[in-house]
Structure formats: C-alpha cells, structure tokens
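First up is the structure itself, then whatever we jot down about it.
Any read-out appearing in this document is the output of simple, stated calculations on the displayed coordinates, not a laboratory observation. Keep in mind that what you see is a predicted model, and the values were worked out from it rather than measured. Backbone-built Cβ (ideal geometry, glycine too); neighbour counts: all protein chains shown.
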Amino acid sequence: MSIQSNERIGLFIDGSNLYASARALDFDIDYKKLLGFFKKQGCLVRAYYYTAMLDEHDYSPLRPLVDWLDYNGFTLVTKPTKEFTDASGRRKIKGNMDIELAIDVLEMAEHLDHIVLFSGDGDFRRLIEAVQRKGCRVSVVSTTRTSPPMVADELRRQADEFMDLIDLQKEIGRQGRTRTVQAVRPNESVHEEDTFEDEDYDDDFDDDMADMDDVVEPV
C-alpha cells in the first residue's frame with residue numbers, strides 16, 4: 001500500500017463488511033496488528049470502527065469486541081439494530097452504518113491526507129469522489145478473490161488505490177485459525193470476535209447474528 005510516511009491517515013472500518021470479507025478468505029482479523037501496521041505507514045490520526053448491535057436486555061456477544069476496540073485505540077461508532085417483518089412474514093434485523101461512516105469521512109477529510117476505507121460497498125463511490133475533491137487520497141481495502149467479489153467495480157475504479165485484503169493477511173491476520181472457505185451470500189449472518197482479551201479473540205456467536213439483514217450486500 002503506497003502511503004507516504006508524512007501523510008495523516010484515517011481508517012474507516014465497516015466492521016461487518018470487513019469480517020465477511022476476511023471470513024470468505026479463511027482468516028481472522030487481528031485488530032491490534034491492524035492498528036500497529038497502519039501506525040508504521042504514516043501518522044495515524046484516527047481509526048473508526050462501525051457496527052450495529054443487537055438491542056438485547058442481557059449479554060451481547062458483540063460487546064466484548066466493542067469494549068476491547070474502545071480501550072485499544074479505535075473510535076467506536078455503534079447504533080441499535082432495528083427489527084421488522086418482511087413481506088413473507090420472516091423476522092429481519094437491519095443494521096446499516098453507511099450514513100454514520102459517510103458523515104465521519106466528510107467531517108474528517110480536512111484533517112487527513114489519506115483515507116483508508118475498509119468496505120466494498122459501491123454506495124461509497126460518491127463519498128470517495130467528494131473527499132478526493134477536497135484533496136484526500138483514498139485507498140479501498142476489500143477483496144476480488146471471492147465469488148462473487150466483495151467489492152463493487154465502481155468503488156475500485158474511483159479509489160486512488162485498491163488493496164486486496166488477502167495481500168494484507170500476513171500483516172493483519174491472526175495466526176493458527178482455519179475455517180472452511182465459502183463465498184458470502186446475500187443476507188448471510190455476520191460475526192465479530194467475542195472475547196475481551198488483550199491479544200486474543202474467539203468467534204462463538206454467528207448464531208446470535210444470524211438474523212442480521214442489510215449488513216453485507218452483494219456487489
């Protein structure tokens with residue numbers, strides 16, 4: 001990734017999208033390594049992490065990850081999911097964070113030289129175009145190595161640089177984890193790590209996120 005050492009960097013991580021891409025590539029993200037990697041690339045100003053959370057009265061499996069990130073250098077942006085019933089009578093849960101991410105990118109653009117967007121959502125193309133007009137360079141991190149690709153073609157074209165997530169595996173991936181590789185399907189469940197440890201995570205709560213909708217959209 002071509003980041004100059006004097007550039008002010010901002011990371012904007014669509015949490016569910018990043019997880020889905022990494023899962024399809026058969027590795028897990030080590031967020032401590034991810035933060036350290038970009039601190040070495042330039043002047044890291046802020047690292048935002050976006051995720052919707054199930055509005056439960058008792059323990060949420062996502063809470064430990066959110067707490068860990070919040071105490072370890074990330075700026076957390078969360079909101080409750082919304083439950084609804086679709087036309088076929090199925091219970092669905094929506095948790096889209098696009099607006100929150102877009103607002104933060106636009107507000108931070110004047111304080112940054114290089115924006116790194118961890119998402120493949122084509123809806124962000126106009127957002128990238130807007131901050132490029134403000135003088136920011138934008139790198140998109142996602143993957144084309146899945147079927148279908150996790151990144152929209154228009155997003156890749158608009159970005160100043162595209163980095164395939166698989167090429168960052170050695171830098172930001174966890175060691176010793178294996179998983180069956182599969183393409184992410186529309187409305188498939190998403191997942192976040194669920195232990196509150198300094199260097200370790202676990203991934204026990206796919207079932208808790210199984211009803212999530214509009215979190216990862218196919219491109």
(message) Could you derive backbone 3J(HN,Hα) for the stretch 41-50 from the dihedral phi with the Karplus parameters 6.51, -1.76 and 1.60 (θ = phi - 60°), listing whole Hz in sequence and x where the residue is Gly or Pro?
(response) 7, x, 8, 6, 7, 7, 10, 9, 10, 10
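Can you say what percent of the DSSP beta bridges in the stretch 1-156, counting only those with both residues inside, are antiparallel? Round to 5. All intermediate terms of the calculation are to be shown ahead of the outcome.
On the way: 4 of 27 bridges.
Within the stretch 1-156, antiparallel bridges account for around 15 percent of the total.
List the chymotrypsin sites (Phe, Trp or Tyr not before Pro) in the stretch 16-115 that DSSP assigns to loop (not H, G, I, E or B) and whose Cβ has at most 14 other Cβ atoms within 10 Å. Which are they?
Numbers: sites: 19, 27, 31, 37, 38, 48, 49, 50, 59, 68, 71, 74, 84; in loops: 27, 59, 74.
Answer in residue order: 59.
Could you pull out the pairs from 134/170; 32/170; 39/79 whose alpha carbons sit more than 25 Å apart here?
Values: 134/170 33 Å; 32/170 13 Å; 39/79 27 Å.
Over 25 Å Cα-Cα: 134/170; 39/79.
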(message) Counting pairwise Cα distances across the stretch 1-158, what percent come out greater than 25 angstrom?
(response) 33
